[in-house]
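A quick write-up on the structure given underneath.
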Amino acid sequence: MSLPPGFLDELRNRTSLSQVVGRKVMWDTRKSNQAKGDMWAPCPFHQEKSASFHVDDRKGYYYCFGCQAKGDAISFIRESENVEFMEAIEILAREAGMPMPARDPQAAKKASRHEELAEIMEQAVRWFRMQLNGGAAAQARSYLDRRGLSAEVRDRFEIGFAPEGWQNLRDHLRGQGVSDELMLAVGLTRASDKGRDPYDVFRNRIMFPIRDGRGRAIAFGGRAMDPNDNAKYLNSPETELFDKGRNLYNLRAAREAAGKGQRLVVAEGYMDVIALSEAGFGAAVAPLGTAVTESQLQMIWRVSGEPVMALDGDKAGLRAAYRVIDLALPVLEAGKSLRFALMPEGKDPDDLLRAEGAGAVTKVLDAALPMVQLLWRRETEGKVFDSPERKATLDARLRDVLRAIQDQGLRRHYGDEIKELRYQLFRPQRQQRGFQGGQGYQGGARGKGKWRKWDAPLPSTSSARASLLASAGEHAEAELREAVILAVLLTTPELIPEFEHQLDSLDCADPDRAALRDVLMRCRETEPGALRDACEQAIGPMALETLLSARHVAIVPCLRTPGDISLARLTVAEELGKIDAQKGLAAEIDEAEEDLRDLADEALTWRLGQAAKARNEAVLRKDEAQTDFEIAPNGMRIDREEKKRAEAIWDQIRFSKGPN
């Protein structure tokens, strides 16, 4: 099977060699540098203990200094999985989310066509460059001189000129034997909607060739000389060669410069890239007339693990940065991040270079902000947080944003940084309200209370320390509910399929309960008697009897009156719901606990109060929620009907004894 042109390049762009190899080896953390994509491990192809197997993730290449094995991701899959070339391609394509092209007997013919189209683009590059030296390009040359682009720079970046006129390039290419169909296919001409001959796309524009990572000319960008032109910059339309969302301007040269240790800078336009390159920042690239796409982001990270986004110092530049943040958050991982360099107000990198020189740009790049700080700026700039509700809204918004980060370790570090920034924002407000010193007044009559640290816990009472839940540990409530769930499902195994997913997710820290859970899921279709035998074999008859006879299990209504499937289903559903509610509260407390240690403001205490309220409402059984309660003097809730019955019984006893 022949693959379409560009398929393997796209596959390599989407594939991280270190991730592919990492499934087969253990990296030597002392020798490896993940941020630079420089990874070392014992070779998976021969027996050794030293880390002589080297992966260069940026170049997508591996080499073993012991057995001399070498290649890319495709060859690694072929050798490690013992598969043929096409099967290795299919494995990588599946992991990269790329559909395999249909088997096409004409693929070789298509490859030949792409080579033909690329040659036409090279002819256009040569013709545009030649036109820049002609008399019609005097204004264009003057403009380039004012922008500081010398003849050497123009040659290095192959800058050309498209003169005025509707068919100049078309006539030239026709003279070289190029058909109108091929000119249309590469986007150099456009079909007339008035029935006339095709006409040139680029007219009276300075031309910037766009090359792919292999160095082929695939498109053009044109800068208008007419100040009244509606499109200041015009790119080639998307063609068989050109996908603007999957290419970057100056990628090939930037990749080489970054490989030599230069910092990768992502600018907004062609002139910025050229100016940066000539000022010594050779590892500079730019998207092609669109906002940065995920494919471009992955290409950028293949070159550098922490590129700098050099953005114009205006509102449009900030909006572009915020869009990149939302795009990058879900795909962030260790060794892949972004920094943001904001140019001075109203300037782009080219403006700053011409006004103040390379030193000023270096200073701005060195001060580039980590993405987390720009994220915080977006969520807080220009906003006032003078109420618990507004602060809680900020907390909720930040939690939603951080949930987009898939890497849990990275998400935790982002959360820590956000907490520190939050502390810095709200701490002055707290001090102004008179809470300095970390002290708070603790109860008691006026003048008789004690001062203690505001975050010091209150002492526990003797009755609380003696309670079952306290003595059994912090997870006791969940353990009791797990026992009820397992006991009910053991007696009504026909319900297991309904709750299979939730049953599988039960933590079951106790080994006996975990074994019982596994037996229930594995033997759910066996007869009840056989199922109980399997459970006894798994944990022993005494352990099973202990679980079933426990007081909190024995009092469950559906176990006292077996055979009521509806009641059993309701019991299991409610207990699972209560476990989930408790987990939700625990997660909320864990998240807020760190904040409370640093900053006890009203937003956090309000948030915890809301979480506790939600948990209390969630754990009420349906029959409890519908019960009429009143509050006793000691704060306990009393069923009003039960209270009435108790009072009636007490009256009978009291009157039966007669008057005192």
Subject >> Sparse-neighbourhood loop sites, trypsin sites (Lys or Arg not before Pro) in the range 210-282 - DSSP loop, at most 14 other Cβ within 10 angstrom >> reply: 214, 232, 260
Subject >> Size-normalised alpha-carbon gyration radius of the range 7-96, reference 2.2 N^0.38 Å >> reply: 1.03
Original post:
If you project the alpha carbons of the range 107-242 onto the principal axes, what extent comes out on each, in Å, largest first?
Top reply: 47, 38, 26
Original post:
Based on the Cα gyration tensor of the range 264-429, what are the three equivalent ellipsoid semi-axes, each the root of five times an eigenvalue, rounded to whole Å and given largest first?
Top reply: 30, 19, 13
**OP:** Enumerate lysine pairs in the range 264-429 that are 8 or more residues apart or on different chains, then count those whose Cα atoms are under 28 Å apart.
**Re:** 14
Original post:
Taking the Cα-to-Cβ direction at residue 50 and at residue 505 and moving 7 Å from each Cα, how far apart do the two end points lie in nm?
Top reply: 5.0 nm
Original post:
Counting other Cβ atoms within 10 Å, which GluC sites (Glu not before Pro) in the range 369-414 have at most 13 and lie in a DSSP loop?
Top reply: 381
Subject >> Listed residues 37, 15, 93: farthest to the positive end of the dipole of the range 7-96 (Cβ charges) >> reply: 37
Original post:
What dipole magnitude, in Debye to the nearest 20, does the range 1-96 give about its Cα centre under +1 on Lys/Arg Cβ and -1 on Asp/Glu Cβ?
Top reply: 400 debye
**OP:** Scan the range 7-106 for GluC sites (Glu not before Pro) in coil per DSSP, keeping those whose Cβ has at most 10 other Cβ atoms within 10 Å, and list them by number.
**Re:** 84
**OP:** Please list the equivalent ellipsoid semi-axes of the range 368-431, computed as the square roots of five times the alpha-carbon gyration tensor eigenvalues, in descending order and whole angstrom.
**Re:** 21, 13, 11
Original post:
In bins 5 Å wide, starting from 0, what share of all Cα pairs of the range 18-65 does each bin hold, as a percent?
Top reply: 5, 24, 39, 24, 6, 1
Original post:
Over the Cα atoms of the range 290-351, what Rg and Dmax result, in angstrom?
Top reply: 11.9, 34
**OP:** Rounded to whole Hz and in sequence order, give me ³J(HN,Hα) for the range 315-320 from the Karplus expression 6.51 cos²θ - 1.76 cosθ + 1.60, θ = phi - 60°, writing x for Gly and Pro.
**Re:** 5, 5, x, 5, 4, 5
Original post:
For the range 264-429, with only Lys/Arg (+1) and Asp/Glu (-1) charged at the beta-carbon, what is the dipole magnitude about the Cα centre, in debye rounded to 20?
Top reply: 660 debye
Subject >> Alpha-carbon spread of the range 140-195, three principal axes, descending order, Å >> reply: 42, 23, 17
Subject >> Dipole magnitude of the range 107-242, debye to nearest 20 (Cβ charges: Lys/Arg +1, Asp/Glu -1, about Cα centre) >> reply: 280 debye
**OP:** Starting from the Cα of residue 75, step 7 Å along the direction of its Cβ; do the same at residue 355; then give the gap between the two resulting points in nm.
**Re:** 5.1 nm
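The numbers here are math on the coordinates, done by the rules we state, and not lab data. Here the structure is a predicted model, which is why all the values come from computation and not from measurement. FYI the Cβ positions are ideal-geometry reconstructions off the backbone, even for glycines, and counts take in every protein chain you see.
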